[in-house]
Every structure is written in C-alpha cells, then in structure tokens.
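Here is the structure we will look at.
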Amino acid sequence: MRATLVQEFVMLKRASLGLLGSVLMLASAQAVEINSKSLPGSNPFARASMLPYQLPQFDQIKDSDYAPAFAHGMAEQRAEILTIANHPAPPSFDNTLVAMERSGRLLDRASLVFFNLSSSNTNAAMQKLEARLAPQLAAHHDAILLDDKLFARVDALYRQRATLDLNPEQLRLVERYHTNFVRAGARL
C-alpha cells in the first residue's frame with residue numbers, strides 16, 4: 001500500500017508542482033522549521049548524486065538529514081513556483097510547464113529516497129517524521145494546485161493548446177496539469 005502512496009506522491013508532484021503559503025507552514029504545530037540559509041553542503045540531498053543514474057548515496061544518508069532537506073526543498077520549490085506564477089511574460093509551455101517540471105529538485109531527491117526507505121526499511125524516527133511531514137506535504141501540494149496566478153497561466157495554455165504547435169507529449173502534459181488543477185478545486 002505504501003508503494004502506491006509513493007507513486008501517487010511522485011505523480012502528483014510531477015503533475016502539479018507549486019507554492020505553499022508560509023502561513024500554512026507556520027500554522028502547523030509540528031511544522032519542520034525552515035531556515036532561510038541554504039541547506040548545508042554536508043547534507044547528502046543538497047546536491048544531485050554523482051553516482052551513476054544519480055543513485056542515492058545511502059552510505060552518507062542519516063535519519064537527521066531528511067527533515068532539513070524537506071524543509072528546504074519545500075521552501076525552494078515555493079520560491080520557484082512564485083517566480084513562475086509572477087513571470088512577466090505571457091504564459092508559454094517553456095516558461096510555465098517546463099519551469100514547473102524543473103522546480104522542486106531538492107524536494108524530489110529527499111522524497112524519493114525517504115518514501116522508498118520508509119516503505120521498505122523504516123525505523124521509529126522515520127515513521128515519526130513521516131507522520132509530521134504528511135500534512136505539510138499535502139498543504140504544500142494543495143497550495144500549488146490552488147494558486148490562482150499559477151492556474152491562470154496553466155488555464156491560458158490549456159485554452160490555447162490547439163494553436164501552440166505542441167507535440168503529442170507536450171499536449172498531454174498541458175491537459176494533465178490542467179485536469180489536476182481543476183480536480184483539486186482551482187476553478188471553485
């Protein structure tokens with residue numbers, strides 16, 4: 001069952017990246033504190049792995065590395081999404097959807113390792129962190145899907161999709177993003 005949750009999380013991330021209001025993070029009594037400084041270079045999630053296929057460096061990962069990586073990853077992605085939502089140019093496939101696809105790399109690195117390990121090789125510390133992170137990640141993704149400015153850009157692309165000269169894969173991505181935003185309540 002956990003493997004399904006991980007797959008859904010990754011799919012949701014790819015289909016709907018975005019912005020979490022700082023109010024939501026602060027409202028959570030158990031929120032992971034976000035430090036405005038960058039993630040320390042000693043954290044194995046701070047940069048992409050140099051191993052083949054960017055495989056995680058499991059020998060360097062400690063349970064204490066996850067919380068800061070998630071906190072910084074969400075903050076980093078919020079900033080990236082804010083930049084996309086407020087982009088001064090009209091929405092285009094590249095400045096909106098490609099940019100959204102590229103956002104949240106740190107959060108991706110931490111999430112993929114954490115949720116795979118928590119479903120296959122967990123411990124009490126990881127389970128406790130997972131319980132703390134679940135509402136924060138849900139709020140993070142909800143804020144992305146409910147961001148009015150971001151949805152306006154995605155909706156504009158969706159309405160213009162027939163005239164954008166997109167290949168089938170790009171067209172499908174526009175449709176998936178739009179569907180995910182609408183199903184999450186962006187039109188309400």
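A few remarks follow.
- Among the residues of segment 51-65, none qualifies, meaning not one is at pLDDT below 50, among the basic types (Lys, Arg) and more than 12 Å from the chain's Cα centre (by Cα).
- When Leu137, Leu106, Leu133, Leu97 are screened for being part of a helix (DSSP H, G or I), more than 28 Å from Phe58 (Cα to Cα) and at pLDDT 95 or above, only Leu97 passes.
- The residues of segment 130-154 that are crowded, with 19+ Cβ neighbours inside 10 Å and either farther than 21 Å from Leu82 by Cβ or touching a His at 6+ places or on another chain (Cβ under 9 Å) (or both), listed by number, are Leu133, Phe151, Arg153, Val154.
- Of all residues in segment 162-188 being within 17 Å of Asp148 (Cα to Cα) and of a type in the set (A, V, I, L, M), the one that is modelled with the lowest pLDDT: Leu188
- Among the conditions (1) among the hydrophobic types (A, V, I, L, M, F, W, C); (2) closer than 30 Å to Asp165 by Cβ; (3) outside any helix (DSSP H, G or I), Ala48 misses just one, which is (2).
- With respect to the stated conditions, Asp142 fails to be closer than 21 Å to Pro90 by Cα and in a helix (DSSP H, G or I).
- Selection within segment 29-50 - among the charged types (D, E, K, R) and either at pLDDT 60 or above or more than 18 Å from the chain's Cα centre (by Cα) (or both): Lys37, Arg47
- Contacts under 8 angstrom Cβ, first residue in segment 147-158 being free of Cβ contacts under 8 Å to residues at least 60 places away in the same chain, partner hydroxyl-bearing (Ser, Thr, Tyr) and in a helix (DSSP H, G or I), 6 or more apart: Tyr158/Tyr177
- The one condition from (1) under 30 Å from Asn167 (Cβ atoms); (2) of a type outside the set (S, T, N, Q); (3) in a helix (DSSP H, G or I) that Pro91 does not meet is (3).
- Scope segment 165-188; condition loosely packed, with under 13 Cβ neighbours inside 10 Å, over 19 Å from the mean Cα position of the chain (by Cα) and part of a loop (DSSP other than H, G, I, E, B); matching residues: Asp165, Asn167, Arg187, Leu188
- Among (1) among the β-branched types (Val, Ile, Thr); (2) farther than 17 Å from Asp63 by Cβ; (3) in contact (Cβ under 8 Å) with a residue 60 or more places away in the chain - the single one Val182 does not satisfy: (3)
One line per residue, one yes/no per condition, for (1) surrounded by fewer than 20 Cβ atoms within 10 Å (Cβ to Cβ); (2) in contact with a strand residue (DSSP E or B) (Cβ under 8 Å, 6 or more places away or on another chain); (3) not aliphatic (A, V, I, L, M):
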| residue | (1), (2), (3) |
| --- | --- |
| Leu51 | yes, no, no |
| Gly73 | no, no, yes |
| Arg78 | no, no, yes |
| Arg102 | yes, no, yes |
| Leu106 | no, no, no |
| Ser118 | yes, no, yes |
| Asn121 | yes, no, yes |
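The values are calculated or read from the model by the stated rules, or taken from the named source; none is laboratory data. Bear in mind the structure is a predicted one, so any value in this text is a computation, not a measurement. Here the Cβ is made from the backbone with ideal geometry for all residues, glycine too, and neighbour counts use every protein chain on show.
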